[in-house]
Amino acid sequence: MRSPIYKTMSFLPHHITIFAPMLPKIYSPFDVSNFSNKTCFLTGETLNSEDEKIQVFPQRLMSMYDLEDKPFKMLDESIATYKDMKLPCSPLVNEVYLEPLEAEIAAAFNGGYEAVKTVDELKLFQWAGKLLYGIIFNEIQSGIKQQHAQGEEFNISKAIIHKISNLHLMLQSINLPIVFEDFKPYSLFLFKVNNKEQEFGYRDEINTLTFALRIKDFGLLICFQDNGANRHYHKEILEQIETQTLHPIQFEEFSGRVFYSAYLFNRLPEYNILPVGDEVFIEAMPLRGMSSKPLFDHWQNKIYGQVLENFWKNWGLLLLEIIKNPEQPMSFLFNAGGEFINADAIELPL
């Protein structure tokens, strides 16, 4: 579910309406095309050394699941390791803002689903958003090196710039007094899951800014730039499954639904930024805008089946089995009558 982001257009600033002079503290790396190791990724301040970096995947998480030297495939097909993924960061920013966030989330993760459920959603968004942005930052650096080696200018899709720029803006709620005015910029889903001990399940999709993590006894799923649209889209299913304990294959099925709906989501959210006193208010523009077109493109079961085949790879299920009935793809969440299947009752193929 990972695809190249640096394909078509040159760097352009994202579209933001500003009603007052922007506070100088807000940093937009895409406006200046700054992805060097000499600048703090979060604040834009000049670093004293290119060695001032933090891990993209938190050290606690890597140590817990022995990830440091495991391969991480980049979009250009090159292979890094988890410990290779780093972000340039001011030591002060790390000490004052990021380490306390990492410590709080790590403590919650250690406590499992019940502890994670008590964490402020915004902090989960910030923690996961920093991780996803860190991967994107490394992908961009890799893309710049690759295309410069070929004597080409580095280009990136305007739509991707728009989304990533807004994600970076909202990540600055970590270190700046940013207030989201009566909206959440994300859809967040948290489930209790019967995972195997020491199982680490991670996936992302950069084009749609979608993230899934399945560890301990929970699964966390976030769409970062949809203003809650995907959560509303899956409202009826959530009413049936959100309080249930899921089998891993059930969590992967719902993840497949969300990753696919994020692909079908056809809006680029726009925001107004209003500095008021010492705070920065972010207001979401209506997603419908001037268009009468639905927010999501038409759902196609064949494409959804291809997504499920990828998400169910661990269980060896193939597309022909999944869409044997094209009108009703295979499901481990619901039986033929639309009733939820208890995780303990699931029978998997050998």
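Can you pull the one-decimal nm distance between simple spin-label points at S291 and K313, each 7 Å off the Cα toward Cβ?
Here the modelled spin labels are 3.1 nm apart.
Could you provide, to the nearest whole Å², the per residue accessible area of the chain with probe 1.4 Å?
Heavy-atom accessible area per residue stands at 47 Å².
Would you mind checking the radius of gyration and Dmax of the stretch 85-183 based on alpha-carbon positions, in Å?
16.3, 52
Could you state how much accessible area R288 has, in square angstrom rounded to the nearest 10, with a 1.4 Å probe and all protein chains kept in place?
Per-residue accessible area (R288): approximately 130 Å².
Quick check: the distance between the Cα centres of the stretch 291-333 and the stretch 27-70, to the nearest angstrom?
36 Å
How big is the stretch 274-346 along each principal axis, measuring the range of its Cα positions in Å and listing the largest first?
So the three principal-axis extents are 57, 32, 25 Å.
Taking a 1.4 Å probe, which of R214, R231 shows the most accessible area, and what order do the others take after it? Let's see the in-between values first.
Working: R214 10, R231 80 Å².
Final ranking, largest accessible area leading: R231, R214.
How big is the stretch 226-341 on each of its three principal axes, counting only the C-alpha atoms and giving the largest first in Å?
Cα extents, longest axis first: 57, 31, 26 Å.
For every helix of n ≥ 4 consecutive DSSP H residues, a contribution of -39,500 (n - 2.57) applies; sum these over the chain, divide by its total residues, and give [θ] at 222 nm rounded to the nearest 500 deg cm²/dmol. Walk me through the numbers before you get to the answer.
Numbers: 11 runs with 114 residues, N = 350.
Using -39500 (n - 2.57) per qualifying helix, the result is -9500 deg cm²/dmol.
For the stretch 136-290, state the average projected area of the convex hull of the C-alpha atoms over all orientations, rounded to one decimal in nm². Intermediate values should be presented prior to the final figure.
Numbers: hull surface 48.8 nm².
For the stretch 136-290, the mean projected area of the Cα convex hull comes to 12.2 nm².
Going toward the positive end of the dipole of the chain, with +1 on Lys and Arg Cβ and -1 on Asp and Glu Cβ, which of V258, L190, L122 do you reach last?
Positive-most Cα among the choices belongs to V258.
Using only the alpha-carbon atoms, how far is helix 248-264 inclined from the longest principal axis of the chain? Give it as 0 to 90 degrees, nearest 10.
It is inclined by approximately 60 degrees.
Can you work out the PRE-style zone for I346? Point 7 Å along Cα to Cβ, and I want the residues of the stretch 214-254 with backbone N under 11 Å.
In the stretch 214-254, the label zone of I346 (backbone N under 11 Å from the point 7 Å along Cα→Cβ) covers 245-254.
How many nm is it between the label spots at E104 and K38, if each spot is 7 Å from the Cα in line with the beta carbon?
Inter-label distance under the simple model: 3.5 nm.
Using only protein heavy atoms and a 1.4 Å probe, report how much of E99 is accessible, in Å² to the nearest 10.
80 Å²
Measure nothing but the geometry: give the 0 to 90° angle between the long axis through the Cα atoms of 301-311 and the longest principal axis through the Cα atoms of the chain, rounded to 10°.
In the chain, helix 301-311 runs at an angle near 80 degrees to the longest axis.
Counting Lys and Arg as +1 and Asp and Glu as -1, each charge on the Cβ, what is the dipole of the stretch 117-220 about the Cα centre in debye, to the nearest 20?
Numbers: 12 positive and 12 negative charges, 47 e Å.
The dipole of the stretch 117-220 has a size of about 220 debye.
To the nearest 10 Å², what's Y27's accessible area with a 1.4 Å probe?
30 Å²
Once you charge only the Cβ atoms, +1 for Lys and Arg and -1 for Asp and Glu, what is the size of the charge dipole of the chain about its Cα centre, to the nearest 20 debye? Kindly include the intermediate steps, with their values, before the conclusion.
Details: 31 positive and 45 negative charges, 130 e Å.
Once rounded to the nearest 20, the dipole reads 620 debye.
Compute the FRET efficiency between E242 and N48 as 1/(1 + (r/R0)^6), taking r as their Cβ-Cβ distance and R0 = 51 Å, and round to the nearest 0.05. Provide the component values of the computation, followed by the final result.
Values: r = 47 Å, r/R0 = 0.92.
For R0 = 51 Å, the calculated efficiency reads 0.60.
Compute the acute angle (0 to 90°) between the alpha-carbon long axis of helix 158-171 and the principal axis of greatest extent of the alpha-carbon atoms of the chain; round to the nearest 10°.
Taking the Cα atoms of the chain, the angle to 158-171 is about 80 degrees.
Mind checking which lysines have their Cα closer than 23 Å to the Cα of K158? Skip sequence neighbours fewer than 8 apart in that chain.
K158 reaches K7, K130, K145, K293.
Label points 7 Å out from Cα along the Cβ direction at N207 and N272: separation in nm?
Between N207 and N272, the simple spin-label model gives 3.3 nm.
If you roll a 1.4 angstrom probe over the protein chains with everything in place, what fraction of the accessible area of the stretch 207-270 belongs to carbon and sulfur, to the nearest %? Mind showing how you got there, number by number?
Values: 880 of 1940 Å².
Answer for the stretch 207-270: carbon and sulfur cover 45 percent of the accessible area.
Full extension from H298 to K83: what is 0.36 nm times the residue separation minus their Cα-Cα distance, to one decimal in nm? Display every interim value, and only then the final one.
On the way: separation 215, 0.36 × 215 = 77.40 nm, distance 3.98 nm.
Length difference between fully extended and current span is 73.4 nm.
The values are calculated or read from the model by the stated rules, or taken from the named source; none is laboratory data. A quick note: this is a predicted structure, and the numbers were derived from the prediction, not measured. Here Cβ is always computed from backbone atoms with ideal geometry, including for glycine, and neighbour counts include all displayed protein chains. Calculation scope for accessible area: heavy atoms of the full protein, side chains included, ligands and nucleic acids excluded. Shrake-Rupley method; radii C 1.70, N 1.55, O 1.52, S 1.80 Å.
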